[in-house]
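Read through the structure below, which is laid out as structure tokens, and then see the notes.
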Amino acid sequence: MNSEQVWIVDDDSSIRWVLEKALTGANISSASFDNADNLLTALMHNQPEVIISDIRMPNIDGMTLLGTIS
């Protein structure tokens, strides 16, 4: 079972870092991904309660990701 409640996907490492720090400060566990492909692979094994996604990313953008997982 996955303990991360929130998954973050963003190709910008500084954005991921800020979100991770904010969630940690609120005692919310998280996992981060630098692209949607890695998140989709992880979804085959686990499922978070929330996904926070960037909209503009290379290859699979946030709107395509949303369509794929919904």
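The values are calculated or read from the model by the stated rules, or taken from the named source; none is laboratory data. All values reported here derive from a predicted model rather than from experimental measurement. Virtual Cβ from ideal backbone geometry, glycine too; neighbours counted across all protein chains shown. Just the protein is used for accessible areas: all its heavy atoms, side chains included, with ligands, DNA and RNA removed. Shrake-Rupley method; radii C 1.70, N 1.55, O 1.52, S 1.80 Å.
Side notes on the structure shown:
- Test: Leu65 is open to solvent by less than 40 Å² (accessible area, probe 1.4 Å), of a type outside the set (Asp, Glu) and more than 9 Å from the chain's Cα centre (by Cα): yes
- Those residues of region 42-62 which are within 12 Å of Trp7 (Cβ to Cβ), open to solvent by 50 Å² or more (accessible area, probe 1.4 Å) and either among the β-branched types (Val, Ile, Thr) or touching a strand residue (DSSP E or B) at 6+ places or on another chain (Cβ under 6 Å) (or both), in sequence order: Val50, Ile51, Ile52
- Filter result (closer than 20 Å to Ile69 by Cα and open to solvent by 60 Å² or more (accessible area, probe 1.4 Å)) within region 1-41: Met1, Ser3, Gln5, Asp11, Asp34, Asp37, Asn38, Thr41
- Count of region 32-55 residues which are part of a strand (DSSP E or B) and in contact with a Leu (Cβ under 6 Å, 6 or more places away or on another chain): 2
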